[in-house]
Amino acid sequence: MRKLTVVLTTALISIVAVGVLAVQQSRSAYAQTAAPNARGTAAVGNPITGEGLPNPAPIVTRNWGQLPAGRKWGTTAGIAIDPMDDNVWAYERCGAGTAGGGPVDCDNNTVDPIFKFDRKTGAVLANFGKGVMVTPHGIAVDRQGNVWVTDFAGNKAGTKGHQVHKFSPKGEQLLSLGIAGKPGNADGQFNQPSAVIVGPDGSIYVADGHDAQGMITANAVAEGIKRGATSRISKFSPDGKFIKSWGGIGVRHGEFRTPHALAFDSRGRLWVADRGNHRIEIFDQNGTYLESRYMFGRPSGLFIKGNAVYVIDSESAPYNHPNWHDGVRIGPLDEDRITGFIPPFERADRVYQGAAGEGVAVDSDGNVFAAEGPNSIIQAGGAFTKYSVR
């Protein structure tokens, strides 16, 4: 009996020790999301739910931005900051409530989809782009103030869409990439381009392919590849000549399941929001894979401001990314760690997870702007939301 008691006691001590170790490891991992509170000590937060993390821009302005008389807000996915004057560039989809393929788009409702807003008042400073696109998706502004927009859907006539367009700040169309209305995977061709950005040397990078996020089995991926679906980055010279592409549909590093947004950091690294794979992939300017980030949820949009990364999650939901809350996660550039969180709007069918926009941008004062997509426009009350600092 004594021998049995010793064995049981030893086993119990081992179990307790393992439990204590597990708790210590859990606390250690949890503490990685620590952010300073008002007392200067570490405030522990949960990167999945956002609970306990500071909100740096807590004042919410729904339905931000002025809309021309007689127009109705449509959905969007893109928003950017002008490097020349710090104002906001964005677009809305000509009153469409969908992300393309619905009864309304910019082909059959020919209003100007591209806006420049005063970042403080929301007043319209510029509005153009009528008749050029079907469903705008990604937007970026280069160092000269030119505006780049991807058109990720085609029209029924096969004469528009699946292109990237460059506009002057006044709305003059300067350049178009891709073949109008003709989706494909040949060099220089696009099939649902999601994002565009201009690199430090003026090279143009396009995130091409949108539907791979729905390919959740190996068979689905194989079928997608067979029918010509893409998930890649294409690089062009400053004057629009094709240079190279990298990536494809998959889960390995350097592959994507919907590269949804792009950003460059101060070190010249290209960040790709790989939405279907729930991660961010980081590359050099030649397409060499460098590293990944996994703590930012299911990323739809990203914005880098100095040494801070802002990532907006519009797609986490009970059946594709359980438990992860939508919203804006903020973290340091060189760590896979979350230090701040802007919470989502409530949405009943996304139990505990809510709804947030697809695009994100941050001005020089730290105010955060969100572009509301089909999953959040109703809850947000309009195409854009402003989250202001106190």
- Among 46-54, 353-361, 96-104, the order from most to least packed when residues are scored by Cβ within 10 Å on average: 353-361, 46-54, 96-104
- Query: In nm, what is the difference between 0.36 nm times the number of residues separating T110 and N320 and their Cα-Cα distance?
  - Reply: 72.1 nm
- Once you put a point 7 Å from the Cα of S176 and another 7 Å from the Cα of L290, both along the Cβ direction, what distance in nm separates them? 3.5
- With +1 on the Cβ of every Lys and Arg and -1 on the Cβ of every Asp and Glu, the dipole magnitude of the chain about its Cα centre, in debye rounded to the nearest 20, is 640
- Message: How big is the dipole moment of the stretch 66-176 about its Cα centre under a simple scheme where the beta carbon of each Lys and Arg is +1, that of each Asp and Glu is -1, and everything else is neutral? Debye, nearest 20, please.
- Response: 160
- Any idea which of A348, A317, A371 is furthest toward the positive side of the dipole for the stretch 265-390, if Lys and Arg beta-carbons carry +1 and Asp and Glu beta-carbons -1? A348
- Message: Residues of the stretch 309-341 with the amide nitrogen closer than 14 Å to a label point 7 Å from the Cα of T49, along Cα-to-Cβ, please.
- Response: 323-326
- Task: Just the ratio, please: alpha-carbon radius of gyration of the stretch 122-205 over 2.2 N^0.38 Å, N its number of residues.
- Result: 1.08
- Item | Dipole axis of the chain (+1 Lys, Arg; -1 Asp, Glu on Cβ), positive-most option in G161, W73, G247 | G247
- Note on the structure: Of the listed links K182/K235; K166/K235; K166/K244; K170/K244; K244/K305; K116/K244, those spanning more than 25 angstrom between alpha carbons are K170/K244; K244/K305; K116/K244
- Using a simple spin-label model with points 7 Å from Cα along the Cα→Cβ vector, what separation in nm is obtained for T217 and E335? 4.2
- Expressed as a whole percentage, what fraction of the accessible surface of the chain belongs to carbon and sulfur atoms when a 1.4 Å probe is rolled over the protein heavy atoms? 54
- So for the stretch 197-356, taking the charge dipole from beta-carbon charges (+1 Lys/Arg, -1 Asp/Glu), which of N307, I282, A212 sits furthest toward the positive end? A212
- Query: Nearest 20 debye, what's the magnitude of the dipole of the stretch 238-325 about its Cα centre given +1 on Lys and Arg Cβ and -1 on Asp and Glu Cβ?
  - Reply: 40
- If you roll a 1.4 Å probe over the heavy atoms of the protein chains, what accessible area per residue do you get for the chain, in Å²? 43
- Item | Relative contact order computed over the stretch 243-390 (Cα-Cα under 8 Å; 6+ residues apart), in percent | 14
- For K305, the net charge from surrounding residues (Cβ-Cβ under 12 Å; K, R +1; D, E -1) works out to -4
- May I ask you to derive the relative contact order of the stretch 313-358, considering only C-alpha pairs under 8 Å and at least 6 residues apart, and to give it as an integer percent? 40
- Consider a paramagnetic label point 7 Å from the Cα of S364 along Cα→Cβ; state which residues of the stretch 131-152 have an amide N under 20 Å from it. 141-147
- Compute the separation of the alpha-carbon centres of the stretch 320-390 and the stretch 248-274 and state it in Å as a whole number. 20
- Query: For the chain, what relative contact order do you get, as a whole percent, if you take Cα pairs closer than 8 Å and at least 6 residues apart?
  - Reply: 15
- Note on the structure: So, with points 7 Å from each Cα along the Cβ direction, the E346-K130 label distance in nm works out to 4.2
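The values are calculated or read from the model by the stated rules, or taken from the named source; none is laboratory data. Everything numeric in this text was worked out from a predicted model, so none of it was measured. All Cβ positions, glycine included, derive from the backbone under ideal geometry; neighbour counts span all protein chains shown. These accessible areas exclude ligands, DNA and RNA; they are computed on the full protein's heavy atoms, side chains included. Shrake-Rupley method; radii C 1.70, N 1.55, O 1.52, S 1.80 Å.
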